[in-house]
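What follows draws every value from the coordinates through simple rules; no lab data is involved. Keep in mind that what you see is a predicted model, and the values were worked out from it rather than measured. Quick reminder, even Gly has a Cβ in these numbers, built from the backbone with ideal geometry, and neighbours come from all protein chains shown.
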Amino acid sequence: MTGTPVGSLAGRTVDVIGGGIGGLSTAAFLADAGADVTVLEQQSRLGGAANVIETDGFRFDTGPSWYLMPDVFERFFDQFDRDPEEYYELTKLDPQYRVFFRDSDPVPGVGTPYDEDVDAPCDWVTITPDRDQTKRVFAAYEAGGGEAFEEYLAEAEHTYDVGMEHFVYEDRSRFRDLLDPDVLRAGPGLTMLGSMQDHVEEYFENPKLQQLLQYTLVFLGGSPHNTPALYNLMSHVDYNMGVFYPEGGMYGLVEGLVDLGEELGVAYRTGVEVTDLQETTTGIAMQTTEGRRRADRVVANAPPAHVERELLSPGKRDHDLDHWDDQTYAPSALLWYFGVEGDVGPLEHHSLVFPDDWDPHFASIFEDPAWPDDPAYYLAVPSLTDDTVAPENHHTVVVLIPIATALEDTDARREEYRDWVLEDLATNVGVDLRDRVVTEESMCVEDFAERLNYPEGTALGLAHTLFQTGPMRPSHRARRVDGLYYVGGFTSPGIGVPMTIISGEHAAQAVIEDEHDRGVLGRLRG
């Protein structure tokens, strides 16, 4: 690890509870620092939410499907003197994605070279890596839209550069961290307060352009009305950095992280559930489904709410249990994994389908939780890029509808929305899959709650609201259990695969710093 003496954890044992991306990242850093590291994963396969379904010749990523912010992955592997390409090949998507505005007629002048063969009854936009082409799209919807797009992206790039350097790569998970002189100098130059909706409205009036600049907020578990304007940086990620696809899908990334860990000496144990944690005079004692274990330190790649509710005794919890009921969780999701025969019409590798007004959908998630009447939704068709994930003349189609957490999740409700989506695709997007589905599976609220122990069945973690950003997210260090740490999308820097990769670095650094302080204290006492 950059700046960390090799062997600083030599002779120390660290167990990582949970083999999600954050846990795999942490394990690699700790092993590189000399620790004896074991990852304990309750499922039969590593990856956590970033898992895979393999059935009838189809391969579906069950969780994350967007490979964004390639600089984060390059930086991660570089800290081990490696390159991502040593573990998986990357394809830059061109086009990046297509957006369908299903309640609107096509707008003249919006088409791109990729859209000549599109036969969609609604208005649609294709976003490519060609920024000038995207600028023309914005100009077609609004007078001066092209110039405003350039101004907006310039600010987004500045926010990204400053935010990543001073607020993301540097662990700012404690309020005292915000008093760092570098932070005090950098902060005033950022648009941090106010909502994304208010910020975007300063540049654009057209609601479709506002949607194009804000759809990535769903990746952060928020809405335009409750996410701080700071996250305008996601437009730089989207329009300037590009969208990629790792060989084998996002699970190819998981396999790469596992391979890296094995090279560094990490041991992996699947099918092992931790059921109890206790602080002892010699470290952390754990009860597992395979018996008792002991480690000098433990990193939980599990929601702090689950750890406090299920694994710790009342006197060792940092919060009252009611605390976790008062948090704002990112949306849950209804996902359908369809294996379909034949072509997929105008769909791209990534496609999004929006109503003209998506505010009622967001209100049904955050304000008045209910199943949505007219939802926006997302589709992934990775078989358009990778012919190994589906049989010949077939495609993998994943549909995701963001929904509120803690909704009643029944088979009847899942089927209702399955039929609605397939009908909507046929009527408003121009692709009829209804008689061509040859295999299907689904995930929803109960699956996230039961398989992953995610509170209220959230699919992502804690939303990035103003009061759940930076030091207001759960700390990497448990306050009442010496030697217990947290990593993943429920802590800082937040939700998303790149953020959980960085979270692993932060959690490992906290372990190393505490171990160093322990050694110094021991020498002083000696």
Residue-normalised 222 nm signal for the chain, counting each DSSP H run of n ≥ 4 as -39,500 (n - 2.57), nearest 500 deg cm²/dmol, is -9000 deg cm²/dmol
How large is ³J(HN,Hα), in whole Hz, for each residue of the stretch 286-294 in order, when computed from phi with the Karplus curve 6.51 cos²θ - 1.76 cosθ + 1.60 and θ = phi - 60°, using x for Gly and Pro? 10, 9, 10, 5, 10, x, 7, 9, 9
Length gain on complete extension for the stretch ALA10 to THR439, per 0.36 nm per residue less the alpha carbon to alpha carbon distance? 149.5 nm
Nearest 0.05, what FRET efficiency do ARG292 and HIS516 give at R0 = 41 Å with Cβ-Cβ as r? 0.90
Mind ranking 418-431, 458-471 by how tightly packed they are, going by the mean number of other C-beta atoms within 10 angstrom, highest first? 458-471, 418-431
Give me the extension gain from ARG451 to GLN133: residue separation times 0.36 nm, minus the current Cα-Cα distance, reported in nm with one decimal. 110.2 nm
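For the chain, give the share of DSSP beta bridges that are antiparallel, in percent and rounded to the nearest 5; count only bridges with both residues there.
Numbers: 50 of 71 bridges.
Bridges in the chain are about 70 percent antiparallel.
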Per the 1/(1 + (r/R0)^6) rule, R0 = 25 Å and r from the Cβ atoms of ASN240 and GLU367, FRET efficiency to 0.05 is 0.15
Please report Rg (one decimal) and Dmax (integer) in Å for the Cα set of the stretch 194-315. 21.7, 62
Using a Förster distance of 41 Å, the FRET efficiency for GLU74-ASP432 (Cβ separation, nearest 0.05): 0.50
Virtual paramagnetic centre 7 Å along Cα→Cβ of ASP482, amide N under 14 Å, in the stretch 299-334: none
Nearest 10 degrees, 0 to 90: what angle lies between the long axis of helix 250-264 and the longest principal axis of the chain (Cα atoms)? 20
Hey, rough spin-label estimate for GLU341 and MET472, points 7 angstrom out along Cα→Cβ, what's it come to in nanometres? 5.4
Stretched fully, the stretch from GLU170 through HIS319 gains (0.36 nm per residue minus C-alpha distance, one decimal, in nm) 51.1 nm
Sorted peptide list for 50-59, 75-84, 297-306, criterion being average Cβ within 10 angstrom, highest first: 297-306, 50-59, 75-84
Hey, can you rank 262-270, 472-480 by average C-beta count inside 10 Å, highest first? 472-480, 262-270
Can you find, among SER313, SER44, ILE17, the residue sitting farthest towards the positive end of the charge dipole of the chain, where Lys and Arg contribute +1 and Asp and Glu -1 at Cβ? SER313
Between ALA412 and THR281, the two model label points (7 Å from Cα along the beta-carbon direction) sit apart by a distance in nm of 6.0
Going 7 Å from the Cα of ARG269 along its beta-carbon direction, which residues of the stretch 28-55 have the amide nitrogen within less than 19 Å of the resulting point? 28, 30-31, 35-48
Relative contact order for the chain: what percent, with Cα pairs under 8 Å and sequence separation of 6 or more? 22
Under a 5 Å amide H to amide H cut-off, with H placed in plane at 1.01 Å, what residues pair with ASP103 once short-range neighbours are removed? ASP356
With the 8 Å Cα cutoff and a minimum separation of six or more residues, the stretch 415-526 has a relative contact order in percent of 14
Using only the alpha-carbon atoms, what does the chain span along each of its principal axes? Please give whole angstrom values in decreasing order. 79, 53, 45
